[in-house]
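**Student:** This is the structure I want to talk about, given as structure tokens.
No lab work stands behind these numbers, since they all come straight from the coordinates. These numbers come from a predicted model, not from an experiment. Don't worry about glycine lacking a Cβ; one is built from the backbone with ideal geometry, like all the others, and counts go over all protein chains shown.
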Amino acid sequence: MDCIFCKIIAGEIPSQKVYEDETVYAFKDINPMAPVHVLIVPKQHIASVNEVTAENSAVIAHIYEVASQLAKELGVAEDGYRIVTNCGKNAGQTVFHLHFHLLGGTPLKIEMC
Ligand code: 5GP
Ligand code: ZN
């Protein structure tokens, strides 16, 4: 499958890994928008939130557990951070492998759109 994040998970494209387990992979965004900008992705290829179903949604809950842990480890839990998932064209999704941006380390813009 021609998916850049599947290739990163497989180790075919290098990445700065911050966390990995059986179902989740997390790595630094190549174009950080904040001092802390990590992408947390399911290892299973799910294109976007549009493809989340009862069959695969357990990994989403697990991603939030990982996000909570990583926020502490990366030192942003206390001051706060944002988790963002873009879905589709109007949200500006550019990589069609579901991913959660964890952003922090500075006050973030309040505007949601
Ligand atoms: P989206 O715009 O789809 O919500 O987010 C995609 C994110 O993936 C962007 O923030 C972009 O910088 C990041 N990205 C794209 N290609 C790569 C890559 O090869 N390596 C890493 N580490 N991040 C990438
Ligand atoms: Zn993929």
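**Student:** Charges at C-beta only: +1 for Lys and Arg, -1 for Asp and Glu. How large is the resulting dipole of the chain about its Cα centre, in Debye rounded to 20? Walk me through the intermediate numbers first.
**Tutor:** Details: 8 positive and 13 negative charges, 61 e Å.
That gives the chain a dipole magnitude of about 300 debye.
**Student:** Can you tell me the length gained on complete extension of the stretch Ala77 to Ser57, counting 0.36 nm per residue apart and subtracting the Cα distance? Can you show the working numbers first?
**Tutor:** Working: separation 20, 0.36 × 20 = 7.20 nm, distance 2.45 nm.
Full extension from Ala77 to Ser57 adds 4.8 nm.
**Student:** In the chain, what cysteines have no partner Cβ closer than 4.7 Å?
**Tutor:** Cys87, Cys113
**Student:** Have a look at the DSSP beta bridges in region 9-86 and tell me what percent are antiparallel, nearest 5. Kindly include the intermediate steps, with their values, before the conclusion.
**Tutor:** Details: 8 of 8 bridges.
If we restrict to bridges inside region 9-86, about 100 percent are antiparallel.
**Student:** Computed from the mean reciprocal separation of all distinct C-alpha pairs, what Kirkwood hydrodynamic radius does the chain have, in Å?
**Tutor:** Values: mean 1/r = 0.0691 Å⁻¹.
When all Cα pairs of the chain are included, the Kirkwood radius is 14.5 Å.
**Student:** Check each of the GluC sites (Glu not before Pro) in region 1-98 and keep only those in coil by DSSP with at most 12 other C-beta atoms within 10 angstrom; list them in order.
**Tutor:** Numbers: sites: Glu12, Glu20, Glu22, Glu51, Glu55, Glu65, Glu73, Glu78; in loops: Glu12, Glu22, Glu55, Glu78.
Listed in order of number, the matching sites are Glu12, Glu22, Glu55, Glu78.
**Student:** Still on this structure: Mean residue ellipticity at 222 nm from the helices of the chain, using -39,500 (n - 2.57) per DSSP H segment of n ≥ 4 over the full residue count, to the nearest 500 deg cm²/dmol?
**Tutor:** On the way: 2 runs with 22 residues, N = 113.
Calculated from helices alone, the mean residue ellipticity at 222 nm is -6000 deg cm²/dmol.
**Student:** From the backbone phi of region 62-75, what are the Karplus-calculated ³J(HN,Hα) couplings (6.51 cos²θ - 1.76 cosθ + 1.60, θ = phi - 60°) in whole Hz, Gly and Pro given as x?
**Tutor:** Calculated HN-Hα couplings, in order: 5, 4, 5, 4, 5, 4, 4, 5, 5, 4, 5, 5, 8, x Hz.
**Student:** For the chain, build the charge dipole from Cβ charges (+1 Lys, Arg; -1 Asp, Glu) around the Cα centre, then report which of His99, Phe5, Ile30 sits farthest towards its positive end.
**Tutor:** Ranked along the dipole, the leading option is Ile30.
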